[in-house]
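The values are calculated or read from the model by the stated rules, or taken from the named source; none is laboratory data. Small disclaimer: the values here were computed from a predicted structure and weren't measured. All Cβ positions, glycine included, derive from the backbone under ideal geometry; neighbour counts span all protein chains shown.
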Amino acid sequence: MCGIVGYIGSRTAYPILIKGLQRLEYRGYDSAGIALLDNNNVNVYKCKGKVRDLEQLTNGNPIGGTIGIGHTRWATHGIPNDVNAHPHTSMNGKFVVVHNGIIENFAHLRNELISRGYSFKSETDTEVLACLIENIYTSTNVSAETAVRIALTKVVGAYGLVVICTTEPNKLIAARKGSPLVIGMGHGEYFIASDATPIVEYTDQMVYLNDGEIAILTNDNLNITNLNDERKDPNVTTVDINIDNIDKGDYEHYMLKEIHEQPISLSDTFRGRINPDLKQINLGGITEVLPRISNAKRIIIVACGTSYHAGLVGEYLFEEYARIPVEVEYASEFRYRNPIINAGDVIIAISQSGETADTLAAIRMAKEQGALILGICNVAGSSIPRETHAGIYTHAGPEIGVASTKAFTAQVMVLTMMAFLIGKKRNIISTEKYEEMISNMLKVPQSIEALMKNEAHIREIAHLYKDATNAIYLGRGYLYPVALEGALKLKEISYIHAEGYPAAEMKHGPIALIDQNMPVFVLATKDKYYEKIVNNIQEVKARRGQVIAIVSEGDETIRKMADHVIEVPNIDEALMPLIAVVPLQIISYYVAVMRGCNVDQPRNLAKSVTVE
Ligand code: M6R
């Protein structure tokens, strides 16, 4: 939510900031702005809209300066408009701030500042923060960084922020609590951003700020302290992100690129994790805690959105193959409902970004109660992996499209490997079954490649249903979570109302919605539920619903009763979620494109939900 970028050094800041904002635009895209410090003058440009609107605004205006900050916004306080866009300048112009997060006590602070003579132009919490810093600075005669530090002790809420002080113009001051910030270490220059993507083309040496840390960046020095002004040694890590992975290449949208990348991203997920003899799974990130996981009394999976759906697949996998009871929880509910967490419970947080505020809060709460906390995350160095006891990276590569696709399949693949590994360790599955599942798993990338050869057919189906106003998705067993995921994909990018159900639940209510205008996507591959799902299709057809069935290759039975079928390669039913989800991703993509929707940046959404 919201992207922040900053630069200090000897290059012209403007192109670095604009490019950085373009890379961060997936985090929020309702307004954008920059502040450039040029010979002690600050030029602030900001507007409602995208980074390209900001570029137009700056056209013909002074854009010099070697120090600057930028922001792309996902509105929390105040509607998206020019005034509420960041950066925000304090009333007397001494401080300019970009901020990601929410200052929860902003109304109280605002009233206090009003009583001290302050007035405000915007409705934002960030302008209040800028004025608070300025008020402390001017009334106590401290340095800019001390003013920031004192201000932050008065703030309740979450922030990742970067501050320019116009009267101390040779530095950037950054601080983090809850919202991520990464510092790129150049030679005589520093970069700062909400994630590594705007920085990787300049340096791979990065420092991830920790919560409660303040960084002061000058051309040639980085000084990190905590809120008590105690010095902290920067922990420099080498970040391995390929610049090609964060460009769209020849694709029209990131989402399509990411859908197509799945055969490769899944191979990356199990690269180095399957022994060359194909007889053993190695998950280095959890090796040390494997005995504790194998003896777990219960596994609780916490996640949000698509990651929650991956967790539901995990529930089926762990219960079937490892025989450990599993509960899957929305992190936002789990964290607040005083859950019972016992010694012997293992918590698995699943998150693409590793920054989702509710998931992070849920694991902090469970950690305090003594549970073993594992993470399944995609973004290396993000907050969740840094706060878990152990974990497994999905290695899906950067996912930029707001609609999660390759991250989902990578998460499911990690859960699959974990379930088989633990099942083997607990002697639930035989060596033969274990090895058979490993070799089946390795076939998933080529199966996805094979089904993608039918993309034109899938696109034709999308065309037929592009004007639908509602849709239902049905699945059973391993494919029930895929039904939920298919519905989420459609609604979030095409704004068509869609719901996923376990197919047998249809009779308990949703069947009332079915008529000749209702598309019903049914996941009906050949598994142990096949006969039952065939009956569910009959029930839909008896009410004149339009059935689009995802079926196993060569299925003639369903072909005769459904309106359309999409064939997918046969595979063990435990692995079918990895394959069956792909046509649903493709349909959602094309429906959204045909409806003229902004596929990569759907309305009201942001990629990384760092506020609760
Ligand atoms: O980064 P996370 O996996 O924690 O994000 C969770 C959800 O916000 C995310 O999956 C969201 O639902 C996506 N837009 C789904 O496509």
Report task. Consider Ile438 carefully, then state whether it is in a strand (DSSP E or B) and either at pLDDT 95 or above or touching a helix residue (DSSP H, G or I) at 6+ places or on another chain (Cβ under 7 Å) (or both). Result -> no
Query - Members of segment 174-190 found to be over 23 Å from the mean Cα position of the chain (by Cα) and assigned to a loop (DSSP other than H, G, I, E, B), listed by number - result: Gly186, His187, Gly188, Glu189
**Report entry** Of the criteria (1) at pLDDT 95 or above; (2) over 18 Å from Tyr465 (Cβ atoms); (3) within 21 Å of the chain's Cα centre (by Cα), which one Gln601 fails
**Finding:** (1)
Query raised in the report: With Gly68, Gly6 as the choices, which residue is in contact with a Phe, Trp or Tyr (Cβ under 6 Å, 6 or more places away or on another chain), in a strand (DSSP E or B) and touching a residue at least 40 places away in the same chain (Cβ under 8 Å)?
Result: Gly68
Report task. Identify the residue in segment 217-271 that is among the acidic types (Asp, Glu) and in a helix (DSSP H, G or I) and, among all such residues, is nearest to Gly68 (Cα to Cα). Result -> Asp244
Report summary line: For segment 284-312, pairs from a residue that is of a type in the set (Gly, Ala, Ser) to a residue that is away from the ligand (no atom under 16 Å from the Cβ) and part of a strand (DSSP E or B), with Cβ under 8 Å and 6 or more apart or across chains, are Gly285/Ala390; Ala296/Asp345; Ala296/Val346; Ala296/Leu372
Query - Flag if Tyr480 is more than 16 Å from the ligand (Cβ to nearest atom), buried (at least 24 other Cβ atoms within 10 Å of the Cβ) and under 26 Å from the mean Cα position of the chain (by Cα) - result: yes
Report task. Confirm whether Gly249 is without any contact (Cβ under 8 Å) to a residue 40 or more places away in the chain, small (Gly, Ala, Ser) and more than 16 Å from the ligand (Cβ to nearest atom). Result -> yes
Query raised in the report: Only one of these conditions is not met by Gln205: (1) farther than 23 Å from Arg23 by Cβ; (2) surrounded by fewer than 21 Cβ atoms within 10 Å (Cβ to Cβ); (3) modelled with pLDDT of 95 or more. Which number is it?
Result: (1)
Query raised in the report: Is it the case that some residue within segment 523-536 is part of a helix (DSSP H, G or I), touching a residue at least 12 places away in the same chain (Cβ under 8 Å) and touching a Lys or Arg at 6+ places or on another chain (Cβ under 7 Å)?
Result: yes
Query raised in the report: Just one of the numbered conditions (1) within 16 Å of the ligand (Cβ to nearest atom); (2) outside any helix (DSSP H, G or I) is not true of Lys279; which one?
Result: (1)
Report task. Could you tell me whether any residue of segment 391-406 is on the phi > 0 side of the Ramachandran plot and in contact with an Asp or Glu (Cβ under 6 Å, 6 or more places away or on another chain)? Result -> yes
Query raised in the report: Has segment 426-444 got any residue that is among the polar types (S, T, N, Q), away from the ligand (no atom under 16 Å from the Cβ), more than 29 Å from Ile324 (Cβ to Cβ) and over 28 Å from the mean Cα position of the chain (by Cα)?
Result: no
Query raised in the report: From the list Tyr434, Tyr465, Tyr393, which residue is among the aromatic types (Phe, Trp, Tyr) and more than 24 Å from Met255 (Cα to Cα)?
Result: Tyr434
Report task. Could you look through segment 81-116, keep only residues that are assigned to a loop (DSSP other than H, G, I, E, B) and in contact with a Gly (Cβ under 8 Å, 6 or more places away or on another chain), and pick out the one that is nearest to Glu134 (Cα to Cα)? Result -> Pro87
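Yes/no per residue for (1) touching a strand residue (DSSP E or B) at 6+ places or on another chain (Cβ under 6 Å); (2) closer than 24 Å to Val414 by Cα; (3) among the basic types (Lys, Arg):
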site: Ala504; (1), (2), (3): no, no, no
site: Tyr529; (1), (2), (3): no, no, no
site: Gln538; (1), (2), (3): no, no, no
site: Gly554; (1), (2), (3): no, no, no
site: Arg559; (1), (2), (3): yes, no, yes
site: Pro569; (1), (2), (3): no, yes, no
Report task. Would you check if there is a residue in segment 443-460 being in contact with a helix residue (DSSP H, G or I) (Cβ under 6 Å, 6 or more places away or on another chain) and outside any helix (DSSP H, G or I)? Result -> no
Query raised in the report: Can you tell me which of Ile164, Ile136 is part of a strand (DSSP E or B), modelled with pLDDT of 95 or more and farther than 21 Å from Met1 by Cβ?
Result: Ile164
Requested in this report: Would you be able to tell me the number of residues in segment 204-216 that are in contact with a Lys or Arg (Cβ under 9 Å, 6 or more places away or on another chain) and in a strand (DSSP E or B)?
Outcome: 5
